Amino acid sequence: MSGTKTDKIRKHYDTVADTYDSHYDHHRGRKYHTHLSGHLMKALPEGGNLLDIGCGTGLFVEKYIKNGGCGTGLDISEGMVAKARRRCPDCEFLVGTGEKLPFDDCSFNAVSSVLVFSYVRDPVAMLSEVHRVLEPGGSVALLTLGKKLITRGIPSLYKIGEKIKIKHVVMKDFGEHYYDEKEMYSLFDNTGFAEVDVKWCSFAHIDMIDPIFSLATKVEPFVEKRVPQLAYNIFVSAKKE
Ligand SMILES: C[S@@+](CC[C@H](N)C(=O)[O-])C[C@H]1O[C@@H](n2cnc3c(N)ncnc32)[C@H](O)[C@@H]1O
């Protein structure tokens, strides 16, 4: 596995923190993020005590606490954390890495992570930490770009994007790792999680042009259920026994 470039990731998100939300602040962006969040929400206890790893500007924490409960976010980028604090002033947000969580054992009953895991240099360390900070019976839900034919070209595309200086909130060569079902299952299973469920989701993408995005959202539920080979995000939910 190629190592992700953590300092580069941190600096990048510090730089884009002010514009990150504009990526999600139009109807495609809102629909895309709400769709992803829906998958996580179903797998987490409603009104629980949530930790969101790689919380960014607090988009998921904001959605989660609408149903009650409380949220804590952690992110390596100080810029993103500052934005999250403004979005959810009643929640706690900390700067730090998912690989070493600054929380006591059994502190949360829900842990989430949205579009972050492929950046994490040491996935085993992060999952061990998630397991440690979860209460027995607590749930984890994690969603990240998966390893598929359609995602295979992304690292090269990002390298080219970086060379020609495309301004895009995620388009950079960070050495991400894309996971398949087997890898995800064994990572969670080896960490001691129970009820590990791995599935594919997302067919519509925020960067599609409007008519295609709209068509893709219509067929998305069918694709996720019947033709998961065409979905590109991998979603894992599991429990601590
Ligand atoms: C694509 S953004 C997703 C942000 C947010 N989860 C969302 O859904 O909008 C990826 C985020 O992961 C953070 N990140 C990357 N590696 C991390 C790590 N090892 N620990 C914590 N946060 C990390 C980045 O700083 C960035 O804010």
Inset, instruction - Determine, yes or no, whether D122 is in contact with a strand residue (DSSP E or B) (Cβ under 9 Å, 6 or more places away or on another chain) and within 13 Å of the ligand (Cβ to nearest atom). - result: no
Inset, instruction - Identify the residue in the range 91-111 that is more than 12 Å from the ligand (Cβ to nearest atom) and assigned to a strand (DSSP E or B) and, among all such residues, is nearest to A141 (Cα to Cα). - result: V111
Legend entry - Test result for T217, surrounded by fewer than 19 Cβ atoms within 10 Å (Cβ to Cβ) and modelled with pLDDT under 90: no
Inset, instruction - State whether the residues of the range 79-87 include one that is away from the ligand (no atom under 11 Å from the Cβ), at pLDDT 95 or above and outside any helix (DSSP H, G or I). - result: no
Legend entry - Unmet criterion (only one of (1) more than 17 Å from the chain's Cα centre (by Cα); (2) more than 14 Å from the ligand (Cβ to nearest atom)) for K147: (1)
Inset, instruction - Please state which one of G79, G69 is in contact with a strand residue (DSSP E or B) (Cβ under 9 Å, 6 or more places away or on another chain), more than 19 Å from D122 (Cα to Cα) and of a type in the set (G, A, S). - result: G69
Inset, instruction - Of the conditions (1) within 12 Å of the ligand (Cβ to nearest atom); (2) more than 16 Å from Y13 (Cβ to Cβ); (3) assigned to a helix (DSSP H, G or I), R132 clears all except one; give me its number. - result: (1)
Inset, instruction - Output the number of residues of the range 33-63 satisfying the condition of being in a helix (DSSP H, G or I), in contact with a helix residue (DSSP H, G or I) (Cβ under 7 Å, 6 or more places away or on another chain) and among the hydroxyl-bearing types (S, T, Y). - result: 1
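The values are calculated or read from the model by the stated rules, or taken from the named source; none is laboratory data. Remember, predicted model here, so these are calculated numbers, not experimental data. Cβ sites come from the backbone with ideal geometry, for glycine too, and all protein chains shown count toward neighbours.
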